[in-house]
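Notes to accompany the following structure.
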Amino acid sequence: MAAWGGGFLVAGTLLAWAWHETRVWAPAVAWETLPPREATLTLRITRNFTSQPGSDSLGGLAVVVDAPEVFEELRDTNIEFRVRLKPDEMPPVRGATMDVRGVLTYLPVLQPTAGDAKSEDAARFRAFLQAQGAWFELSRGNLVSKPSPPSAWTQWLTKQHARIETLLHHGPAGLETSYGSIYTALLLGEPALLDANQRTAFTVAGEIYLFAISGLHVAVLAGTLWWLLRKVPGLPHAVGEVVTLAAAWLYIEIAGGTPSARRAGLMLTCYLLAKWFGRARSPLAAVLAAGVATLLIDPLALQNSGFQLSYTVVLGLILYAPLLRDAFERRAMPWRDVPPASLAPWQKCTRWVWARLLDMAVTAWTALQGSAPLTAEFFGVFSLHTLSLNFVFFPLVCGVLWSGAVAVLAGFCGFPPFNWLTWLANGAGLIVVGLMQKIASIAPPWPWVFAHLQIEPPVAGSFAALAVLMVMLLAQPKNRAPKWWYYVLPLGVLVGFAVFTARAA
């Protein structure tokens, strides 16, 4: 059996390597010696970085659809682009194809200057581009001809995104002015809408991850819809599940189809497929199937910070969090030896509140252990504030998501009473978002609580996160509860990682 397992492991590794080499393009060394040059390329936009109305430029990621013979090697590869727009030109949307003339420049790896915030930000952005397979930049570009529109499906998604954004801005004017950008950024996953002060506050608080559509957003909205549909008399459960799955994928694609959001959608899909086909439902199997499917479609996703953070945290919540919660419940649950039927109402209420607090504490601690090394590697920061703030932010984020969902659904109805409901729901969401900003703003950057870090070598964070997951998986005892040292091992890995690789920036 061990020989078969080893053979499958070797075969799988070789197949993965062959697939990666087939799908992933890397520039030849000769490109590094060539100076910037003018080029005209046909690009299909895959992601826009700037979406502010009235902007005279557009930046983002695109796929090279066509190129002159001298640049033929670049076809079907990703590229960063920056295009100047004329006053009467509408910014091309995601999925549009355009001919651009600009300056083509090779993007080498940047080494940040310690202590220089701009240099560190530039190095992180360059690393992000290269993780997307974008080794070239087409800057100072001009549109040669009118862009061709994207597919009908992409146009419809873009239209719905704009419509939802308009509905979310229909709220009390004063609150909208102060907190509207945070509200929209949280619901649609657009952190670029945050201003510098807002971004700094949420970064120091360790909560900037909330502004990327992830499993939290999908789980709250899909779970709420699923629960509501199960309450509809006479509605078959299978119909409610299909509607929930369709609504979840629609939200994911309207919000931009980020890797972390699609991971959540794939997990939900795998979980429901197992249920429909009568197979055993396993969250671990669902997340692994989602990861394999994602990498088959896009092998470069493995280098994406969102992919790594998302899967590391989710795997930790599946492997480690239930065991830790059970350990606390056995030792710290009030009246644990009293039969539930014998408890007074106030005792049941106390137990329920304690159980919810325990869930949040275990989730926050597990997520911190999985995300800390990757956050330090990709973003150069470490924040312990998240341990305490997640107690407050998790329920507040749920409130914002529910308010936004009510506002959008009421706005789609279009009747005057529902317009007032949209206004009221947005007002409630804006109040909650304002409270979140106030809480984030008072999180001070204390030493040993928040720090700017530099990881040497840079990939050490990824290896530390992988080591944490391996410890959580391999150190689990079979058929019995783990000993106390099992819960300390991941922390030991993180301490070793910090001592040997982390340096103050």
Checklist entry - Which members of the stretch 93-113 meet the condition of being of a type outside the set (Val, Ile, Thr) and either on the phi > 0 side of the Ramachandran plot or out of contact with any Asp or Glu (no Cβ under 8 Å at 6 or more places or on another chain) (or both)? => result 94, 95, 96, 98, 99, 110, 111
Next on the checklist: Tally up the residues in the stretch 362-387 that are open to solvent by 40 Å² or more (accessible area, probe 1.4 Å) and aliphatic (A, V, I, L, M), please.
Outcome noted: 2
Checklist entry - Among all residue pairs at least 6 apart or on different chains, which show Cβ distances below 9 Å where the first residue, located in the stretch 454-473, is under 12 Å from residue 503 (Cα atoms) and the second is of a type in the set (Lys, Arg) and open to solvent by 10 Å² or more (accessible area, probe 1.4 Å)? => result 454/503; 455/503; 456/503
Checklist outcome for this item: When the stretch 56-65 is checked residue by residue, the ones that are assigned to a strand (DSSP E or B) and either in contact (Cβ under 8 Å) with a residue 60 or more places away in the chain or closer than 16 Å to residue 142 by Cα (or both) are 57, 58, 59, 60, 61, 62, 64
Next on the checklist: Considering only the stretch 363-375, I want to know if a residue exists there that is part of a helix (DSSP H, G or I) and over 23 Å from residue 476 (Cβ atoms).
Outcome noted: yes
Next on the checklist: Out of everything in the stretch 470-505 that is among the aromatic types (Phe, Trp, Tyr) and over 13 Å from residue 376 (Cβ atoms), what residue ends up being least open to solvent (accessible area, probe 1.4 Å)?
Outcome noted: 486
Next on the checklist: If the requirement is being charged (D, E, K, R), closer than 19 Å to residue 312 by Cβ and either at pLDDT 85 or above or out of contact with any Leu (no Cβ under 8 Å at 6 or more places or on another chain) (or both), which of these qualifies: 262, 281?
Outcome noted: 262
Checklist entry - Looking only at the stretch 138-172, which residues are closer than 17 Å to residue 64 by Cα and in contact with a helix residue (DSSP H, G or I) (Cβ under 8 Å, 6 or more places away or on another chain)? => result 149, 150
Checklist entry - From 336, 325, which residue is without any contact (Cβ under 8 Å) to a residue 60 or more places away in the chain, among the basic types (Lys, Arg) and surrounded by 15 or more Cβ atoms within 10 Å (Cβ to Cβ)? => result 325
Checklist outcome for this item: If we ask which residues in the stretch 438-469 are surrounded by 13 or more Cβ atoms within 10 Å (Cβ to Cβ) and at pLDDT 80 or above, their number turns out to be 13
Checklist outcome for this item: When the stretch 388-423 is checked residue by residue, the ones that are surrounded by 21 or more Cβ atoms within 10 Å (Cβ to Cβ) and of a type in the set (Phe, Trp, Tyr) are 393
Checklist outcome for this item: In the stretch 80-123, anything more than 30 Å from residue 156 (Cβ to Cβ), open to solvent by 50 Å² or more (accessible area, probe 1.4 Å) and modelled with pLDDT of 80 or more is listed as 101, 108
Checklist entry - For residue 34, which of the numbered conditions (1) aliphatic (A, V, I, L, M); (2) open to solvent by 60 Å² or more (accessible area, probe 1.4 Å); (3) at pLDDT 75 or above; (4) within 32 Å of the chain's Cα centre (by Cα) fails to hold? => result (4)
Checklist outcome for this item: Selection from the stretch 1-27 of residues loosely packed, with under 10 Cβ neighbours inside 10 Å and modelled with pLDDT of 70 or more yields 22
Next on the checklist: Please return the ranges of helices (runs of 4 or more DSSP H) entirely within the stretch 124-219 where 1 or more residues are crowded, with 18+ Cβ neighbours inside 10 Å and at pLDDT below 80.
Outcome noted: 196-204
Checklist entry - Can you tell me which residues in the stretch 140-198 are over 25 Å from residue 306 (Cβ atoms), charged (D, E, K, R) and out of contact with any Leu (no Cβ under 9 Å at 6 or more places or on another chain)? => result 140, 146, 159, 163
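The values are calculated or read from the model by the stated rules, or taken from the named source; none is laboratory data. Treat the numbers as computed from the prediction; the structure is a model and nothing was measured. Positions of Cβ are generated from backbone atoms using ideal geometry, with glycine treated the same way; all protein chains shown enter the neighbour counts. Calculation scope for accessible area: heavy atoms of the full protein, side chains included, ligands and nucleic acids excluded. Shrake-Rupley method; radii C 1.70, N 1.55, O 1.52, S 1.80 Å.
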